[in-house]
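Below is one structure, written out as structure tokens, with a few remarks after it.
The values are calculated or read from the model by the stated rules, or taken from the named source; none is laboratory data. Computed from a predicted structure; not experimentally measured. For neighbour counting, all protein chains shown are included, and Cβ atoms are generated from backbone atoms with ideal geometry for every residue, glycine included. Accessible surface is based on the protein model in full, side chains and every heavy atom, while ligands, DNA and RNA are left aside. Shrake-Rupley method; radii C 1.70, N 1.55, O 1.52, S 1.80 Å.
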Amino acid sequence: MQNSRMRPKASGLGPLSLILLMSLVLAGCAGPALDDYQSTGPDLVPSQFFTGELSARGVVKDFSGEVIRTFDADIVASWDDNGVGILDEVFRFDDGEEQTRVWTLTPSEQGYHAEAGDVVEPGTMRWQGNAIHMNYVLRVSYGDGTIDVRMDDWMYLVTPDTLINQTTMSKWGVDVGEVVLVIQKKGAGPAPQS
């Protein structure tokens, strides 16, 4: 027979406590805001970082977080006299697939209007402090056809020559994967040791 003093007590959460708890849970689900990075350095200015030749290495994860592909990429970036940027990207995946994407970044009131051939809903590139945020819809190969996925793209400058890019992919509001990569200016040496 179990001693009644050893039984766990009921939580006794009332309606107000439940509302407060749910508010905290929902607040925890909210993503970062670009304003959160306004005083974080080094300053990330797209036209300064994305200039000349860059290289990238990264992984693609599925909905469970398992790495399903790796890749490397070369990027050639240039800007014209009107401030329009072109990012010419070539991706090489570990399964032999090669993809190209050419971004056109056109100045707008909010930042840059960002479009590419396989981007079916262009985004706006905005930045503050050491962070860039873009949200757009990308058409990707899926089985024998294609599928459109929303890309929530965050980039963080960690040194003047190195940027970390983390992109959450979603469909119908459900996360279906993630891309994580490091982009580095070519010719940039390793970080100095302290």
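Please tell me if THR168 is out of contact with any helix residue (DSSP H, G or I) (no Cβ under 9 Å at 6 or more places or on another chain), assigned to a strand (DSSP E or B), free of Cβ contacts under 8 Å to residues at least 40 places away in the same chain and open to solvent by less than 50 Å² (accessible area, probe 1.4 Å). For THR168, the condition - out of contact with any helix residue (DSSP H, G or I) (no Cβ under 9 Å at 6 or more places or on another chain), assigned to a strand (DSSP E or B), free of Cβ contacts under 8 Å to residues at least 40 places away in the same chain and open to solvent by less than 50 Å² (accessible area, probe 1.4 Å) - is met.
So which residues in segment 47-66 are more than 22 Å from PRO160 (Cα to Cα) and of a type in the set (Lys, Arg)?
Answer for segment 47-66, where residues must be more than 22 Å from PRO160 (Cα to Cα) and of a type in the set (Lys, Arg): just LYS61.
Summed over segment 91-139, residues that are touching a Lys or Arg at 6+ places or on another chain (Cβ under 8 Å), open to solvent by less than 70 Å² (accessible area, probe 1.4 Å) and in a loop (DSSP other than H, G, I, E, B) total 2.
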